[in-house]
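What follows is a set of notes on a single structure, which appears directly below.
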Amino acid sequence: MFDVVIMALLCGVVAVIYALTLAYLIMKEPEGKGRIVDIANFIKEGARAYLKRQYSIILIIAIIIAVLLSIFSVRMSLSYILGALSSVLAGYVGMWIAVNSNVRTTYAAKEHGLSKAFKIAFRGGMVTGLMVVGVGTALIAVQYLLYGGGPNTPDVIRDLIGYSFGASTVALFARAGGGIYTKAADIGADLVGKVETGIPEDDPRNPGVIADNVGDNVGDVAGMGADLFESYVGAIISSMVIAASAIRVLAGGEWIRWALLPLAIASAGIIASIITSLVVRVREGGDPSKPLTLASIISAVIISILTYPLSTWLLGPGIGIRVFLVVIVGLAAGITIGLTSDYFTNKNKKPVRRVAEMSQMGAALTILSGLSYGFLSVVIPAVGIAVAELLAYYLLSPLGFWYGIYGVALAAVGMLSLTGVVVSADAYGPITDNAAGIAEQAGLGENVRSLTDKLDAAGNTMKSISKGFAIGSAALTALAFLAAYTSSVSQIAGLDFSMSMMLLSILDIKVLVGMLVGIVLPAAFISLVIMSVSDAAFVLIAEIRRQLREKPGILEFKEKPDYGRAVAIVTSYALKRLIAPGLLAIISPIVIGFVLGPYGLAGALLAAIITGLLLGLFQGNVGNTWDNAKKFIEEGHFGGKGSETHKAAVIGDTVGDPLKDAAGPSLNILIKLMSVVSLVFSPVIVSVNLLRILGMV
């Protein structure tokens, strides 16, 4: 069975090498000269400064947590450090290549046209995607080998939970901090620029424009990369934990085949991502969104083709076909979520155009119509995830109850085998967004800006799809961790695995109270994040107004704005205000577990996952609907830029910004991190809790 681990290690290493090769090819492309390089350097400096300060804070917190974990397990503590460093590495490399690809994309559009510019931007996104899956898969395999994993050492897999915990810690601060930064900058730049002074988006006269461009990278590249890196490694490890606990009791020595199956599927996903990257192209005059959408479908087909022989090799043809179908179910769920998000957020579809039409009657109808479509947009994804879980469970439950639960976790692995391509398409978005901004700020010709805007429009569509995919995959991953947590608690408490899940009945008062507590946690988390965005935006708006008031020549191109001051303000506030949401995510499951015991905590996790899924999908979709309604109007519909309709749409977009790019995506991390923390501390929660101390259990 070590063949599977070696295969995963090799696939991960190949992915990293290929990513670095693509980065090298991008850096060989000319970046031009003059104004576009100056603007790009401002963006680079701002992004680098933000990440440097953010990672320094993460380092301090990670060291404290690693020391605490070493009390329970030195190997888990080491895995935690590796998980944190892996997430930092994947995020930093992705951000670095994004801020170097943007100006090269702009220059390629100017000198060569659409096809060349698309190639550079897509390669830039592919670097991030391949780093995420390559680093994650390779280091899980390396740790398994170093710790002496095998049929007789199931504890090795439990130590791998630390790797997921480390990735979760970084993801929380990267996603929440990056979201607070990018949306505070976006709101500040939009309200003063578009609404108050009437200057267009990405105008160089706006003192907040560089902060806005920086935010695209720290939020949608480093933040999204860390988010899906966490989901990716979490789905793999949670499946392995279920196999090493519950299935080991049921299957004996054969459990190791089930434990290593997720690594085999992850390897198939890496191969599919690399092949897909070689065939994605766009012709001159073509629509860039089509090959980006097609990339996910091509990757899903390749994964499906590879999964069947891998699963039959590990588990035999009878069980292999069932595993194959579970993976198909996961892939189908991921694509369904993506297509639904696309329908509700694509400016060529009815919902966005209807919201744009409603904006003619004022901002109130912009908000109301967007809210109605936002709530409607959660129905199909939620039902799709429910159906996927049901099918995944019943495909494997004939082998036993815990095999069915394992099937749910494996469906998450199937969905997340698309991570390489999904992250690539998402990271493509900020690159083209920056490229369009650079073209606008540098005053390049209308023909160049039309090309960069076309690339940017495709990027906006992919960002909408990837946000839906991220929250859907987060929910499945969190449910997989919940199952792993329950199997771990059952093993620690010495319960019969066939009966342990029955103890999660909502008729149990501990579970019911836990669910009531769990329901409110996403709401509290959203409140903290949105308030943080509001406070940071408030200070930035005051700074932009001050500069425009004290330097009236800025609007006449006679004086230069102080971009650095705006960047420094948003950086400081974003990092200060992410501490409270971070503590809520890490400490709340420990407190709930201590007060209500392991089953009360399980109820809280279940409620938080369901609530977080619905609120996350709603916020992501409604924000993108308002955003694209604004963009549709800016194309000349219903009065175009500067009209009253446009001003109403800008208000809708501004309200939606913190929802779709800060609070909504951060919920992904909340539900996963709560589940991981619960799993890590499950031995303590079982042994030491208030109910046990008081003799009430």
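The values are calculated or read from the model by the stated rules, or taken from the named source; none is laboratory data. As the structure is a computational prediction, the values presented were derived from the model and not from experiment. Cβ placement follows ideal geometry from the backbone for every residue including glycine, while neighbour counts extend to all protein chains displayed.
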| request: Would you point out the residue of segment 679-696, among those that are aliphatic (A, V, I, L, M) and assigned to a loop (DSSP other than H, G, I, E, B), that is surrounded by the fewest Cβ atoms within 10 Å (Cβ to Cβ)? | output: 694
| request: Determine, yes or no, whether residue 532 is of a type in the set (Ser, Thr, Tyr) and out of contact with any helix residue (DSSP H, G or I) (no Cβ under 6 Å at 6 or more places or on another chain). | output: no
| query | Quick one: is residue 192 among the hydrophobic types (A, V, I, L, M, F, W, C), assigned to a helix (DSSP H, G or I), touching a helix residue (DSSP H, G or I) at 6+ places or on another chain (Cβ under 6 Å) and crowded, with 24+ Cβ neighbours inside 10 Å? | reply | no
| request: Pick out the one residue from 369, 359, 341 that is buried (at least 19 other Cβ atoms within 10 Å of the Cβ) and either among the hydrophobic types (A, V, I, L, M, F, W, C) or closer than 18 Å to residue 616 by Cβ (or both). | output: 341
| field | Answer residue from segment 407-450, given it is outside any helix (DSSP H, G or I) and under 22 Å from the mean Cα position of the chain (by Cα) and is surrounded by the fewest Cβ atoms within 10 Å (Cβ to Cβ) among those | value | 418
| message | Among the listed residues 144, 181, identify the single one that is crowded, with 24+ Cβ neighbours inside 10 Å, closer than 21 Å to residue 128 by Cβ and either free of Cβ contacts under 8 Å to residues at least 24 places away in the same chain or of a type in the set (Phe, Trp, Tyr) (or both). | response | 181
| remark: Taking segment 503-538 and keeping only residues that are among the β-branched types (Val, Ile, Thr), more than 18 Å from residue 678 (Cβ to Cβ) and without any contact (Cβ under 8 Å) to a residue 40 or more places away in the chain, one is left with 509
| query | Are any residues in segment 28-52 loosely packed, with under 13 Cβ neighbours inside 10 Å and in a helix (DSSP H, G or I), and if so, which ones? | reply | 28, 52
| task | Tally the residues that are under 30 Å from residue 581 (Cβ atoms), at pLDDT 90 or above and assigned to a helix (DSSP H, G or I), restricting the search to segment 140-160. | result | 2
| message | Please go through (1) modelled with pLDDT of 80 or more; (2) under 17 Å from residue 238 (Cβ atoms) for residue 513 and return the number of the only condition it doesn't satisfy. | response | (2)
| request: Quick one: count up the residues across segment 543-600 that are touching a Lys or Arg at 6+ places or on another chain (Cβ under 8 Å), assigned to a loop (DSSP other than H, G, I, E, B) and closer than 30 Å to residue 682 by Cβ. | output: 0
| said: Looking only at residues that are in contact with a Gly (Cβ under 7 Å, 6 or more places away or on another chain) and surrounded by fewer than 24 Cβ atoms within 10 Å (Cβ to Cβ) in segment 203-251, which one is farthest from residue 479 (Cα to Cα)? | reply: 203
| Which one of these is touching a helix residue (DSSP H, G or I) at 6+ places or on another chain (Cβ under 8 Å) and surrounded by fewer than 24 Cβ atoms within 10 Å (Cβ to Cβ): 654, 571? | 654
| message | Can you find, within segment 101-119, the residue that is farthest from residue 451 (Cα to Cα) among those that are at pLDDT 90 or above and surrounded by fewer than 24 Cβ atoms within 10 Å (Cβ to Cβ)? | response | 119
| task | Quick one: which residue in 277, 273 is among the hydroxyl-bearing types (Ser, Thr, Tyr), out of contact with any Gly (no Cβ under 8 Å at 6 or more places or on another chain) and within 22 Å of residue 306 (Cβ to Cβ)? | result | 277
| field | Boolean, residue 83 is buried (at least 24 other Cβ atoms within 10 Å of the Cβ), modelled with pLDDT of 90 or more, assigned to a helix (DSSP H, G or I) and among the small types (Gly, Ala, Ser) | value | yes
| Pairs, first free of Cβ contacts under 8 Å to residues at least 40 places away in the same chain in segment 340-368, second in a loop (DSSP other than H, G, I, E, B), C-beta under 6 Å, six or more apart | 343/349
| query | If you check every pair at least six apart or on different chains, which have Cβ atoms under 6 Å apart with a residue in segment 66-77 that is touching a residue at least 40 places away in the same chain (Cβ under 8 Å) and assigned to a loop (DSSP other than H, G, I, E, B) first and a residue that is surrounded by 13 or more Cβ atoms within 10 Å (Cβ to Cβ) and of a type in the set (Asp, Glu) second? | reply | 73/159
